[in-house]
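Data first, discussion second: the structure below is written as structure tokens.
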Amino acid sequence: MKGTKSIVGLAVLLVAQLASAQVTVGENTKLNAGGLFTFGYAGAYGDAIPSNHGLDFGFDGKISGSYYNPNFLSFEATPYWNQSRADSSYQSLTGSRGVNGTANFFTGSHFPGAVSYHYDANSTGTLGLTGQPNFTTYGKGQGFGVNWSALLPDWPTLSVGYSEGSGHSTIYGTDQESDSSTRLFNVHSTYQLAGFHLNSFFDRNSLNSKFPQFLAGTGESVQDSSGHDFGFGAQHNLPVHGMFAINFNRATASSNYFSAEGNNTNTSSYTDNTETSTASFHPTQKLSLNATQNYTDNLTGYLTQNLVGTGTVVPGLSLGSGSHSSTVGGGASYQFTHYLSGQTQATYYDQYYFGKSYTGSYISGTLNYGKRLFDMFTFSGSVVDSSNGQGTNAVGFVGTVNYYHRVKGWQTAGAFSYAQNVQTLLVTYTTSYYNYSANLHRRLAGGLTWTAAFNGSHSGLTNFSGTSNSSQGYSTAMSMRKFSLTGNYIKSNGISLLGAGGLVGPPPTPGLNDFVFFGGTSYGGGVSVTPIRRLVIAGSFNRAISNTIGSTTSHNNTEIFNAQLQYHLRKIGLQAGYTQFTQGISAVGAPASTTAFFVGITRWFDFF
């Protein structure tokens with residue numbers, strides 16, 4: 001132990017000497033460097049990690065500088081090491097380490113560029129779970145990117161970029177793994193010619209994802225997708241303060257989804273072309289007019305493009321051979337008074353999908369009132385008349401009411417929005433939803449304040465049963481100058497789709513059947529006390545209980561308790577932390593728990 005103390009003392013002395021040194025590299029290099037050093041005693045034990053304890057050393061640094069001139073070359077790097085303390089800003093249970101770096105060159109010139117890189121090892125992360133606190137994971141990841149531009153006067157601009165990244169993680173307490181890797185190449189250009197603003201682009205991307213078994217089903221599931229798209233557009237001013245724009249986009253992609261359950265492979269590919277044009281006019285300051293037109297020659301490809309771009313699995317998505325869509329519309333808006341305005345819009349659809357032709361029209365009128373009515377309410381409302389050309393007519397409504405009022409010492413606020421039979425991409429499907437929220441705030445005696453809030457939402461496709469999602473949340477907080485107390489409760493259920501980062505919650509799409517049903521509740525709270533200046537003591541607890549039903553049914557439970565103590569005096573700090581973490585996923589085994597603690601000192605050093 002004496003030898004260890006001697007080594008630590010020598011290291012601290014050496015760092016102190018470096019702190020007072022000024023380092024110059026060559027004649028044209030300027031450097032600034034500093035770091036937060038941490039030394040103390042740490043321990044960790046549990047079911048998922050080997051038990052360990054002893055002296056702990058951590059570092060969180062920052063290096064920045066330039067060569068010749070900051071506009072010629074500037075750079076910054078932030079390395080960190082052994083950030084395993086329960087009270088660290090990384091909140092890592094597993095001792096993360098890595099580096100983030102960027103370099104900018106030729107800034108302000110006609111040929112600026114940038115390079116970036118990051119590497120993170122043994123880091124704590126999350127796997128998304130719709131509407132609930134995420135599953136905790138640990139793993140590693142890295143990424144690289146480079147961008148360059150040519151910005152010559154009177155020439156088309158040119159910007160080129162390339163990036164790639166990869167990550168691997170394991171859900172804490174299990175052997176369930178998740179992997180992802182991406183590559184993206186893009187080229188963009190703009191040009192001004194005879195009053196036209198021209199633009200064009202080309203993108204090439206690829207995505208590989210491996211999904212946890214308990215979400216994807218029995219055995220390994222992997223998705224590989226790649227594609228490219230290019231497009232061009234033009235804008236030009238028109239008389240009467242008008243503007244016209246037209247854009248064309250062509251996208252091609254392919255996707256392979258392999259599931260070890262049944263040894264099934266699903267392959268899909270698509271090419272879709274989309275053309276859009278718009279025009280707007282402002283004859284007077286109060287009146288504006290608009291017209292729009294859109295054509296898509298492959299509705300299946302258009303929907304798939306939006307889902308795959310987020311890493312979502314879309315096996316089996318098909319609206320039938322030859323699906324396409326054409327829309328034409330126009331509208332007007334008028335500002336009657338400073339507080340009152342109105343809009344009207346009409347859209348005509350001509351679509352083909354699921355082997356049938358559909359036509360439809362939507363006509364809507366909207367009224368907005370921005371001045372508080374009775375010193376409490378502002379609102380907007382729209383009435384929608386729709387017809388799908390199949391003998392079905394419906395009247396829809398969209399409305400929003402905002403409320404704010406002060407009653408003696410009480411501040412009250414709230415909002416409610418509702419929509420029924422709102423148009424979607426497909427003319428035979430509409431969506432409905434409602435959202436609500438409320439807030440209550442009160443200043444009490446002795447500088448104490450109290451706040452309570454709740455919110456909720458419900459949504460689903462009107463003509464597509466079993467696609468609803470709902471959530472409710474409640475929270476409260478009480479605080480004063482040296483004390484704060486918080487609490488929260490969340491409940492949610494519905495359906496979601498499997499994505500590279502876990503379960504995602506986009507609105508379900510007709511023709512897609514591989515849904516994951518979810519439901520759960522979570523609750524928690526926290527307390528923070530500052531008994532004396534610069535001393536903060538805080539603690540928090542959160543628990544989430546959820547169920548996922550897909551190819552596999554799982555009951556999940558996550559609990560985390562965290563306590564921290566921080567005291568700072570100039571550049572020196574005292575830190576202590578304690579974390580107890582438990583996570584269980586019934587589909588893959590018994591719960592696992594981990595406990596970690598740390599107590600030590602920190603010191604910031606400016607090297608040069």
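The values are calculated or read from the model by the stated rules, or taken from the named source; none is laboratory data. This is a predicted model, so every value here is computed, not measured. Backbone-built Cβ (ideal geometry, glycine too); neighbour counts: all protein chains shown.
List of remarks:
- Thr274 being surrounded by 19 or more Cβ atoms within 10 Å (Cβ to Cβ), β-branched (Val, Ile, Thr) and either closer than 26 Å to Leu193 by Cβ or at pLDDT below 90 (or both): yes
- The range 457-487 - residue that is outside any strand (DSSP E or B) and within 30 Å of Ile532 (Cβ to Cβ) and, of those, modelled with the lowest pLDDT: Arg481
- Test: His110 is touching a Leu at 6+ places or on another chain (Cβ under 6 Å) and surrounded by fewer than 16 Cβ atoms within 10 Å (Cβ to Cβ): yes
- Qualifying residue in the range 231-240 (condition: small (Gly, Ala, Ser), assigned to a strand (DSSP E or B), surrounded by fewer than 17 Cβ atoms within 10 Å (Cβ to Cβ) and at pLDDT 75 or above): no
- Some residue of the range 565-582 being over 20 Å from Leu215 (Cα atoms), surrounded by 19 or more Cβ atoms within 10 Å (Cβ to Cβ) and small (Gly, Ala, Ser): yes
- Options Asn264, Asn290: the member that is modelled with pLDDT under 90 and either over 30 Å from the mean Cα position of the chain (by Cα) or surrounded by fewer than 17 Cβ atoms within 10 Å (Cβ to Cβ) (or both): Asn264
- Scanning the range 168-186 for residues that are closer than 16 Å to Lys210 by Cα and among the polar types (S, T, N, Q) yields Ser169, Thr170, Thr174, Gln176, Ser178, Ser180, Ser181, Thr182.
- Applying a threshold of 8 Å to beta carbon distances and a minimum spacing of six or more residues, or different chains, the list of pairs starting in the range 361-382 at a residue that is within 12 Å of Val401 (Cβ to Cβ) and in contact (Cβ under 8 Å) with a residue 40 or more places away in the chain and ending at one that is part of a strand (DSSP E or B) and polar (S, T, N, Q) is empty.
- Qualifying residue in the range 395-411 (condition: more than 30 Å from Val328 (Cα to Cα), crowded, with 16+ Cβ neighbours inside 10 Å and either hydrophobic (A, V, I, L, M, F, W, C) or in contact (Cβ under 8 Å) with a residue 60 or more places away in the chain (or both)): yes
Yes/no per residue for (1) without any contact (Cβ under 8 Å) to a residue 60 or more places away in the chain; (2) among the charged types (D, E, K, R); (3) more than 19 Å from Asn493 (Cα to Cα):
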position: Thr530; (1), (2), (3): yes, no, yes
position: Arg534; (1), (2), (3): yes, yes, yes
position: Asn547; (1), (2), (3): yes, no, no
position: Ala596; (1), (2), (3): no, no, yes
position: Ile601; (1), (2), (3): no, no, yes
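- Failed condition for Asn439, given (1) farther than 25 Å from Gly342 by Cα; (2) surrounded by fewer than 16 Cβ atoms within 10 Å (Cβ to Cβ); (3) at pLDDT 75 or above: (2)
- From Thr366, Thr337, residue being of a type outside the set (Gly, Ala, Ser) and within 34 Å of the chain's Cα centre (by Cα): Thr366
- From Thr337, Thr344, Thr327, residue being at pLDDT 80 or above and more than 20 Å from Ser277 (Cα to Cα): Thr337
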